[in-house]
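Please treat every number below as a calculation from the coordinates, not as lab data. All of these numbers come straight from a predicted model, not from anything done at the bench. Cβ placement follows ideal geometry from the backbone for every residue including glycine, while neighbour counts extend to all protein chains displayed.
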Amino acid sequence: MAKNFNSREYITEIAEDVVYNFARAARATTPGLKGAARESEVRQKLESILPTGVGVGTGCVIDFEGNASSQQDIIIYENNLCPVFSINNTPETTYYPCEGVIAVGEIKSTIGKTELIDSFNKIKSAKELQRQKILSRSTIFDYDYYSFRHYLSMQGFDCTKEEEFNQDGNSKDQIFGFILCNDFSVKENTLIEHVNNCSKAIDRKLLPNMVVSLQSGMFYPYDKNKPSLCDSVMDGTGYVYGTPECGNFQSLLTRLHQAIRRGRTVDIKAFERYLVSNSDAMTMNVTSEVCL
């Protein structure tokens, strides 16, 4: 029996399993079988190292108006709070309200130009969904209440208008997006050119937060004016390509933990809008009355 436990080696093995199992699932004969094969194993592995209360699934992200993202390989969400709508328990037809989604991810065995374009656009489709802010007006004083909520918390926080939830202006209020692959299929210079072209075609706030390869380097948001790494491209000037000392997948897991811990969303009351049209004005057509 080993006397020491190396957590970094354990996490590296998990990363390799995630990529391998996604590639292996592609051999299934129907989309439903592919989704089921991917979901169960990846969910177990990621949930085992992410904080309690976080769920891992696959499907589409939606907003309360019915807009839906593209199919997402990985959806990390507030498992204990977020309602999930699944048609016949099929992963491909499972929908998660954007207010409860923490992160989305695309998993590829190898990545070249085609896979980059596809992954960038899929993450964009989730990030551009608008979370609905809850704005209430005081019945006593003449002012509005502004608020935000940290992930996994049922309690929202009242704040000033400058501190309110703002996914278009605050990267911590955005869904975190990542791409994970075993390796890149093109040379470094060509890869950088492809990432540059993909980035120019998409609004900065909708770009992936990380593009991670297990075997090669990774793309991380960067501000050349400071210079320093940052949380999102919207906070900096672009991406930097390299290999972190802590390990590529370890770096991704660290950023996911940070997104869960630091990220913000809207008041939990927003979930009610997916259940009724107007939860503040529920009415009933009364046909009879029982008096006690």
State, as an integer percentage, the relative contact order of segment 155-247 based on alpha-carbon contacts under 8 Å between residues 6 or more apart.
-> 23
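Taking the alpha carbon gyration tensor of segment 51-117, what are the square roots of 5 times its eigenvalues, largest first, to the nearest whole Å? All intermediate terms of the calculation are to be shown ahead of the outcome.
Working: eigenvalues 93, 41, 25 Å².
Each semi-axis is the square root of five times an eigenvalue, giving 22, 14, 11 Å.
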In degrees rounded to 10, the 0-90 angle between helix 31-49 Cα long axis and the longest Cα principal axis of the chain is 90
Potential lengthening between residue 243 and residue 110 on full extension [0.36 nm per residue; Cα-Cα distance subtracted] = 46.1 nm
Of every Cα-Cα pair in segment 191-292, the percentage lying beyond 24 Å is 46
Relative contact order of segment 47-116: what whole-number percent is it, with Cα pairs under 8 angstrom and at least 6 residues apart?
-> 32
Fluctuation leader among 84, 212, 104 - the chain, Gaussian network, Cα springs under 10 angstrom | 84
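What is the packing order of peptides 197-204, 148-155, 7-14, taking the mean over residues of other C-beta atoms within 10 Å and listing the highest first?
148-155, 197-204, 7-14
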Dimensions of the chain along principal axes (Cα, Å, largest first)?
-> 73, 49, 46
For segment 147-168 and segment 187-219, compute the distance between their C-alpha centroids and round to whole Å.
-> 30
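Defining a contact as two alpha carbons under 8 Å apart and six or more residues distant in sequence, what relative contact order in percent does the chain show?
17
Can you order the peptides 262-271, 217-226 by their average number of other Cβ atoms within 10 Å per residue, highest first?
262-271, 217-226
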Please report, in whole Å, how far the alpha carbons of segment 140-230 spread along each principal axis, starting with the longest.
-> 64, 28, 25
Mind telling me which of 19, 276, 211 comes out most flexible in a GNM of the chain, alpha-carbon contacts under 10 Å?
-> 276
